[in-house]
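In what follows, a single structure is set out as C-alpha cells and then discussed.
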Amino acid sequence: MSLSKNKREEIRVYICERLAREGSDGLVESVSQTFDLTGSSVYRLIREMIADGILLRDGRRLTFQEDTHSWTFQRSDVWFEQDNIFYSSCILPLIRDLPENVRQIWDYGFTEIMNNAIDHSRTERLDVTYKRNFHSTSIAIRDYGDGIFRHIQSACGFPTLEDALAELYKGKLTTDETRHSGEGIFFTSRGMDLFVAAANGLEFSHNKFDEMKIQALTGQLMDVDSAGTLVYMSLSNTSKKSMKEIFDRYTNENFEFTKTSIPIANIYGFPVSRSQANRLLNRIEDFEEVVLDFTGIEAVGQGFADQIFRIYKRDHPDIKIVTVGTNETVDNMIRHVTKNSFVN
C-alpha cells in the first residue's frame with residue numbers, strides 16, 4: 001500500500017506514542033487496526049524507522065534509539081551555585097531545535113529543579129542524566145542530601161514524611177522564603193508529561209495511575225530508600241502545552257498564585273476521617289480557589305466530607321472550593337453533609 005508523506009509521518013508519531021505509553025506488546029496489531037494496514041505494511045514501516053535511527057530492536061522488543069548524556073558535578077565546581085551556566089552550556093544546545101513552547105517548559109523546569117537541589121539539599125554532588133528520542137526528552141537530577149520529604153518535614157515541623165509529601169501538591173511551600181517562592185515544583189510538575197520526585201522511600205507524582213511504571217523507573221535510576229532525591233522529568237518533543245497556559249490556569253490577572261488543585265488519590269486512597277480532612281486543608285487559606293480532584297476515589301467518609309464541605313466552608317466563606325472527578329457515591333456524600341449548607 002502506497003502512503004502519502006503526511007500519512008506516513010502520522011503513523012510514525014502514533015507508533016512512537018503507543019510505544020512510549022504501552023511498550024511494544026501488541027504494537028503491530030494496534031497500528032494495523034488504527035490505520036487499516038496489513039501486518040506486513042506495519043512491519044515495513046517499523047524496519048524503516050529502525051533504519052532511520054528512530055527505533056531499536058532489542059531481542060523481540062522494540063525500544064527507542066536515544067541520545068544520552070550524563071554529568072557529575074561537585075559543590076566545589078565553579079558553576080555549582082549558578083544553575084543557569086550549566087543549563088546554557090550543557091542542556092540548551094541539546095534542545096535548541098525543539099518547538100519554542102517545549103523549550104520554554106524545559107527552560108523553566110530544569111532551572112527551577114536544579115536550583116532547588118543546589119539550595120536545599122546540602123549535597124556535595126549532583127548527577128544529571130539527559131535522554132532524548134524521537135518521541136520525548138527526559139532529564140533526571142539526583143542529589144545526595146537528606147531527601148526532599150525529610151528536609152520539608154524537619155524545616156516545617158510536619159508530623160510525618162507523608163504530610164510533607166502531601167503539602168507539595170498544594171504549592172506555595174518553601175523552606176527558604178528569602179530565596180524561593182514555593183512555586184517551582186508546583187508549576188514544573190504540571191508542565192511535564194511525567195514528573196517524579198523520589199526520596200525517603202516515597203514518590204511525588206501527578207501520574208498516580210502510572211504507579212507501577214513510576215516505581216520501575218525510579219528503581220532503575222535510584223534506590224528510593226537510599227539518601228538523596230531523584231527528580232525525573234519527561235516531556236513530549238511535540239507537546240502543545242505552554243508555560244503561559246499553565247501559569248494562567250493558577251494565577252489571577254495580577255499574576256498572583258491564587259488557585260491550586262489537589263489530587264486527593266495521590267494523598268489518601270480512602271479518605272474517611274476529620275483528621276485526614278484537616279491535614280488536606282492545611283494552608284488552604286493561602287489560596288482564593290481550591291480544586292479538589294477526586295479522580296480515582298471510590299468513596300469518602302462522612303467525617304472527611306463534613307469537615308471540608310460544611311465546617312471548613314462555613315468558617316472560610318471567602319475560599320472557593322471546587323470539586324472535579326467525583327463519582328455518584330462521593331457526590332451523594334457531599335450532598336448529604338451539605339443539605340443545609342451552600343457549596344460551590
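Annotation note: of Leu27, Leu3, Leu37, the sole residue that is buried (at least 16 other Cβ atoms within 10 Å of the Cβ), of a type outside the set (Phe, Trp, Tyr) and either over 30 Å from the mean Cα position of the chain (by Cα) or closer than 30 Å to Ala117 by Cα (or both) is Leu37. Condition check: assigned to a strand (DSSP E or B), over 25 Å from the mean Cα position of the chain (by Cα) and aliphatic (A, V, I, L, M). Does Leu56 satisfy that? So Leu56 fits the description; yes.
So that you can scan it fast, the table gives a plain yes or no per residue for (1) out of contact with any Pro (no Cβ under 8 Å at 6 or more places or on another chain); (2) hydrophobic (A, V, I, L, M, F, W, C); (3) in the same structural domain as Asp286 (by TED's automatic domain parsing); (4) at pLDDT below 90:
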site: Tyr108; (1), (2), (3), (4): yes, no, no, no
site: Arg122; (1), (2), (3), (4): yes, no, no, yes
site: Phe149; (1), (2), (3), (4): yes, yes, no, no
site: Tyr169; (1), (2), (3), (4): no, no, no, no
site: His180; (1), (2), (3), (4): yes, no, no, yes
site: His206; (1), (2), (3), (4): no, no, no, yes
site: Ala216; (1), (2), (3), (4): yes, yes, no, yes
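Within the stretch 150-169, the residues that satisfy the criterion of being in contact with an Asp or Glu (Cβ under 8 Å, 6 or more places away or on another chain) and either touching a residue at least 60 places away in the same chain (Cβ under 8 Å) or surrounded by 21 or more Cβ atoms within 10 Å (Cβ to Cβ) (or both) are Ile152, Gln153.
Those helices (runs of 4 or more DSSP H) of the stretch 60-138 that lie entirely within it include none in which at least 1 residues are at positive phi and under 20 Å from the mean Cα position of the chain (by Cα).
Take Ser239 and decide whether it is farther than 30 Å from Arg122 by Cβ, small (Gly, Ala, Ser), in contact with a helix residue (DSSP H, G or I) (Cβ under 7 Å, 6 or more places away or on another chain) and crowded, with 16+ Cβ neighbours inside 10 Å. It is true that Ser239 is farther than 30 Å from Arg122 by Cβ, small (Gly, Ala, Ser), in contact with a helix residue (DSSP H, G or I) (Cβ under 7 Å, 6 or more places away or on another chain) and crowded, with 16+ Cβ neighbours inside 10 Å.
The values are calculated or read from the model by the stated rules, or taken from the named source; none is laboratory data. No experiment lies behind these values; they were computed from the predicted model shown. Every residue, glycine among them, receives a Cβ derived from its backbone with ideal geometry; neighbour counts consider all protein chains shown.
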